[in-house]
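The values are calculated or read from the model by the stated rules, or taken from the named source; none is laboratory data. On a predicted model such as this, the values are computed, not experimentally measured, just so you know. Reconstructed Cβ throughout: ideal geometry from the backbone, glycine too, with neighbour counts over all protein chains shown. Side chains are part of the model used for accessible areas, which takes the heavy atoms of the whole protein and leaves out ligands, DNA and RNA. Shrake-Rupley method; radii C 1.70, N 1.55, O 1.52, S 1.80 Å.
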Amino acid sequence: MLYEIDEILVRPLLTEDQYFLVKWLSDPKVLEYYEGRDNPFDMLKVEKSFYQRENGVFKSMVEFEGKCIGYIQYYEVNTETSQITDYHEDEIVYGIDQFIGETSYWNKGIGTLIVTSMVHYLIEQKQADRIIMDPHVSNKRALKCYEKCGFKKIRILSKHEWHEGEYKDCWLIEYTKEESK
């Protein structure tokens, strides 16, 4: 277990979690925001993407009230882990990516709990100075959640991510440890 706060438990990804990932990453509702509806995952793709890569990305499952509902990963930002390489070299900067795979848990404030808990974990346990994300400009629901968690929009990353047949603009957003004081 990485941490448990209130109803949220975040723990390392286990082999048996592949069944959740296949379910979630073949759901068009989830894929609309994460990976793309034209990019569904099967067991082989989950194996390659989540279990065969050792690239400094820490992969975790999110449980809410004892049920696996989503995925979150974090990584120290550097040239191995991120396309964003122009970032505060004198600071400890982490990136996070996440999704709630069980869509019945959307729009209930749980995403805010997940992101806030990971932010606190990275600041307190990993001594992060900044935490960044790069959501699609069009993902209004996620942006609203992240802003509620204290993230600030920094700049547009033009044509940053390939998604559903085209490059999409993303926001570079950040949370600084000063926000937590």
Filtered residue count, segment 102-120, keeping only those that are open to solvent by 40 Å² or more (accessible area, probe 1.4 Å) and not in a helix (DSSP H, G or I):
3
Just checking, does segment 123-131 include any residue being over 13 Å from Cys145 (Cα atoms) and within 12 Å of the chain's Cα centre (by Cα)?
yes
The residue that is nearest to His120 (Cα to Cα), considering only those in segment 154-178 that are in contact with a helix residue (DSSP H, G or I) (Cβ under 8 Å, 6 or more places away or on another chain) and open to solvent by 50 Å² or more (accessible area, probe 1.4 Å), is Lys177
Selected residue (criterion: least open to solvent (accessible area, probe 1.4 Å)) from residues of segment 88-101 that are among the aliphatic types (A, V, I, L, M) and modelled with pLDDT of 95 or more
Ile96
Among the candidates Glu91, Glu179, Glu164, Glu147, single out the residue that is within 22 Å of Leu25 (Cβ to Cβ) and charged (D, E, K, R).
Glu164
Between residues in segment 80-104 that are farther than 21 Å from Gly36 by Cα and among the hydroxyl-bearing types (Ser, Thr, Tyr) and residues that are open to solvent by 30 Å² or more (accessible area, probe 1.4 Å) and at pLDDT below 85, which pairs lie under 6 Å by C-beta distance while being six or more apart or on different chains?
Thr85/Thr79
Do any residues in segment 154-181 that are basic (Lys, Arg) have Cβ atoms under 6 Å from those of residues that are open to solvent by 50 Å² or more (accessible area, probe 1.4 Å), where the two are at least six apart or on different chains, and which pairs are they?
Lys159/Tyr167; Lys168/Glu161
Would you point out the residue of segment 1-21, among those that are open to solvent by less than 30 Å² (accessible area, probe 1.4 Å) and β-branched (Val, Ile, Thr), that is farthest from Phe58 (Cα to Cα)?
Ile8
Of the residues that make up segment 146-154, is at least one of a type in the set (A, V, I, L, M) and more than 12 Å from Tyr175 (Cβ to Cβ)?
no
Just checking, does segment 113-120 include any residue being touching a helix residue (DSSP H, G or I) at 6+ places or on another chain (Cβ under 9 Å) and of a type outside the set (A, V, I, L, M)?
yes
Just a yes or no: is a residue in segment 78-87 in contact with a helix residue (DSSP H, G or I) (Cβ under 6 Å, 6 or more places away or on another chain) and buried (at least 17 other Cβ atoms within 10 Å of the Cβ)?
no
So the check is Cβ under 8 Å with 6+ separation or different chains; which pairs have a first residue in segment 128-145 that's within 9 Å of Trp171 (Cα to Cα) and a second one that's of a type outside the set (A, V, I, L, M, F, W, C) and assigned to a helix (DSSP H, G or I)?
Met133/Tyr146; Pro135/Tyr146
